[in-house]
Amino acid sequence: MYLLTARQAKAIDKKANDVLGIPALLLMENAARAVAEEVLNCIKSKNPRVAIFCGKGNNGGDGFCAARHLLVAGVKPEIFLAGRAFEVKNEAKVNLEIILKLKQKITEVTQENLDLVRKKIAKCTLTIDAILGVGLKGEVKGIYRDLISMLNDSGVYILSVDIPSGLDATSGKVLGVCIKADKTVTFLAKKRGMVIASGPKFCGQVVVRGLGVDIR
């Protein structure tokens, strides 16, 4: 079984862009389409309530982009941002702006509206964790910690994008707090941290999807 460390996963993305000329935006598009397809596979009800929780980085960008694919498929997700919209940069910003141009509401999660967010989570069929990705370093704190704990406590089905938020992609260590996913859609190959230490307890079912890049 081929496993990737966080550094190797980042290196593949860089090679795709610098050597092959595959834009990061295209990789994000491929990732998001895969996530949306897996979400649709998980949904059994006719009128599902889906919430997507996005961070400010590329993992969040995958979430914003997945929201668009779900909209096209007839599922209108609620979209939450752990942070402020002006803090979102690069490819994630592109996909956030597309969602806003589609007249979709983005709720910025703050300490002040956590109770409201909790009530909305309780009504969901499925939640998508696109908060923190493989590049996470250091302990999860602040609004991220509160949001991850809230999602875990909700009992609602959680699908994580690439890796459960809070799990070290290389060591499998929980960085303070970690999403306990029912399913993780990861890209290119499983990350090393998914199969060692605490990884298996937090990833749930792991589905590997390609991005149109050869990892060899």
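Would you confirm whether any residue within region 76-89 is surrounded by 18 or more Cβ atoms within 10 Å (Cβ to Cβ), within 30 Å of Ala122 (Cβ to Cβ) and in contact with a Ser or Thr (Cβ under 6 Å, 6 or more places away or on another chain)? Write out each step before concluding.
From region 76-89, those surrounded by 18 or more Cβ atoms within 10 Å (Cβ to Cβ) are 77-83, 88; that's our starting set.
Then keep just the ones that are within 30 Å of Ala122 (Cβ to Cβ); that gives 77-83, 88.
Add one more test, that the residue is in contact with a Ser or Thr (Cβ under 6 Å, 6 or more places away or on another chain), and what stays is 80.
Yes; the residues of region 76-89 include at least one that is surrounded by 18 or more Cβ atoms within 10 Å (Cβ to Cβ), within 30 Å of Ala122 (Cβ to Cβ) and in contact with a Ser or Thr (Cβ under 6 Å, 6 or more places away or on another chain).
Please count how many residues of region 140-163 are touching a residue at least 40 places away in the same chain (Cβ under 8 Å), part of a helix (DSSP H, G or I) and closer than 15 Å to Lys56 by Cα. The qualifying residues number 3.
Could you tell me how many of the residues in region 164-216 are touching a helix residue (DSSP H, G or I) at 6+ places or on another chain (Cβ under 7 Å), hydroxyl-bearing (Ser, Thr, Tyr) and assigned to a loop (DSSP other than H, G, I, E, B)? The qualifying residues number 3. What's the total number of residues in region 87-115 that are within 21 Å of His69 (Cα to Cα) and assigned to a loop (DSSP other than H, G, I, E, B)? Qualifying residue count, region 87-115: 6.
For the subset of region 104-152 comprising residues that are closer than 15 Å to Arg84 by Cα and among the acidic types (Asp, Glu), which member is surrounded by the fewest Cβ atoms within 10 Å (Cβ to Cβ)? Selected residue: Glu112. Pairs linking a residue in region 53-66 that is within 16 Å of Val185 (Cβ to Cβ) to a residue that is among the polar types (S, T, N, Q) and part of a helix (DSSP H, G or I), with Cβ atoms under 7 Å and 6 or more positions apart or on different chains, are Gly61/Asn95; Phe64/Asn95; Cys65/Asn95.
No value in this document is a laboratory result; all are computed from the given coordinates. These figures come from a predicted structure and were not determined experimentally. Positions of Cβ are backbone-derived with ideal geometry, glycine not excepted, and every protein chain shown enters the neighbour counts.
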